[in-house]
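For reference, the structure discussed in these notes is given below.
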C-alpha cells in the first residue's frame, strides 16, 4: 500500500513537479477522470494516489518529456532516447504490487566484411540493463548489469537464389498484387497471392556463430551486493529457410504453435516457421565478488569463482486474429557456480534458473509470466504481468 | 520520409518483412509503419541483448539478400552490402525504433527498379 500524500514523500514531489513544470497535461495524457464536484481533500488524495500508482502515468509523462527535449535539445534527446525506460508494475506471488521500472541502454560499433556466402563482424558493444522497484524488497528480478562486450562473429548462408529477368517480372507482378490487396483491405486475396509469390523465393539455410569476450559489473538495485564478471560466451543462431533440408524439423518448440496456426486458420497446413528457430548462448564467467555480505557470511570470504551460464530464446507467431498478430516468446537463463562449496549449495545459491514467457499482440496487449531467480535474488518468485505496451515514440511524430 | 503505399522502399520493406516471417501478410500495411522492432518476430523481449543482436544480424543480412536477389535493388551512393547490413542491424536492435525508421534507412541504402 502506498503512504498518503504528504509533502515529504517522493511521489508527492513528483506530482508537484509535474504540475508546476507545465510540460505534462494530465487530462491529455491519462484516461479522463470525471471529477465529482466539490472534491474533498481525501478524494483529491485518493485521485492522486490512483494516478501516481499507475505506471502509465509515468510512461506518458516521460514520453511527453522526451518529445519536449527533442525540440529544445537534440543532443540530450539522443542520449535519453538511447536509454530505454519503461515504467511498470511488478506483481510477484506473495508480495504486494510494486511500482518500478526497467531500463536498457545499448550502443555498439560494428565492422562488417562480406565474402561470397559469408559475412564476418567485429563489434564493440556497451549495454546497461536492469529492473528497479520503488520498494527494493518487491523487486522479483533484482539484477542490474553493465556490460562491455567485444564480439567476433561469422554468418554463413541465407542466400536467396537470384531470379532471371522473366522470373523477377513475374514475381514483382504477383508480389505487388498481394501488396495492393493488403492496402485495399482484401486480406484473403493478399494471402492467396502471397502464397504464389513465396514460391519464387529459394533461400539456403543460414548459420551464425559469435564469440564474445565481455566484462560485466553486476549489482542489486541498492548496490549492497556487487561483483565484476569477465567471461567468454559463444552464441549460436540458425534460420532453416530451405524447407527441403532437415534442419527445419529440429525447430522443436514450434511444433505446438504450428498446430495452433493450423487450427486457428492462420496457416492452411501444418508448417514450421524457419524464422522462429531458437537462438542460444553458452559460456563461462569468472565472478569476482566486490561486495556481498551474504556470500561472506556463508563462506567467510569473497574469493573469485567460475560460473557456467547458458540461455535459450524463442519467439513465434501463435495466431493471426483479424488483423492482429499474436506472438509467443520464451526465454530461459541458467547460471551455475562451478565447484561451489557446500555452504553455498545449502543456501541454494549455487545455481539460478530464470524463465520468462509472454503472449503479445501487435496492438500492444500482452500477458507475461516469469519464474525463478537471477543472481542476487535470494528467493524464487513467480511474476505475472498483464497490460498494454506503449510506443513512447508516438509523441515524436 | 513517411510511410505510404506509393513508396517503393516502404512497399519492399513491408513485403520483405512478411517473406522473412516478421509480419503476417494480413497485417495492414498502413499500421505496419508504426510497429516497434520489439513487435516483430525476431525481437525476443525477454532475451539478453546478445541474442537480440544475433537475430538482428541474421535478419539484416536476409533483408539485404532478398532486396538484391528478388527485387533487383542496387546500392545507393557509397553504400555496400557491408554498410547496409551494419546500418540495418543498428536500427533493428533498438526496440523503440519503428518499421518506418527501418524503411527510411533502407531508402537511403538502396535504389529499387521503377
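Quick note: the coordinates plus some simple rules give every number you see, no bench work behind them. Keep in mind that this is a model prediction, so the values were computed, not measured. Note: ideal-geometry Cβ built from the backbone for every residue, glycine included; neighbour counts use all protein chains shown.
Numbers for the structure displayed
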| item | result |
| --- | --- |
| Sorted by Cβ neighbour density within 10 Å, fewest at the top, the residues A:54, A:222 | A:222, A:54 |
| Mean Cα-pair separation over length for segment A:247-324, i.e. relative contact order, pairs under 8 Å, 6 or more apart, % | 37 percent |
| Average Cα contact separation per residue, segment B:8-111, under 8 Å, 6 or more apart, as relative contact order % | 37 percent |
| Within 10 Å of each Cβ in A:170-183, the average number of Cβ atoms from other chains | 4 |
| Proxy reagent accessibility, fewest Cβ within 10 Å first, across A:218, A:129 | A:129, A:218 |
| Average other protein chain Cβ within 10 Å of Cβ, residues A:152-164 | 4 |
| Kirkwood Rh in Å, taken over all unlike Cα pairs in segment B:3-58 | 12.1 Å |
| For B:61, A:216, order by how many other beta-carbon atoms lie within 10 Å, fewest first | A:216, B:61 |
| Mean Cβ neighbour count within 10 Å, used as a protection proxy, ranking A:263-270, B:14-21, A:183-190 highest first | B:14-21, A:183-190, A:263-270 |
| For segment A:217-366, convex hull volume per residue from C-alpha positions, Å³ | 146 Å³ |
| Segment residue A:345-residue A:270, extension gain: residue separation times 0.36 nm, minus the distance between their alpha carbons | 22.5 nm |
| Convex hull per residue volume in Å³, alpha carbons only, for segment B:8-111 | 84 Å³ |
| Shielding score for B:56-67, defined as the mean number of other chain Cβ atoms within 10 Å | 6 |
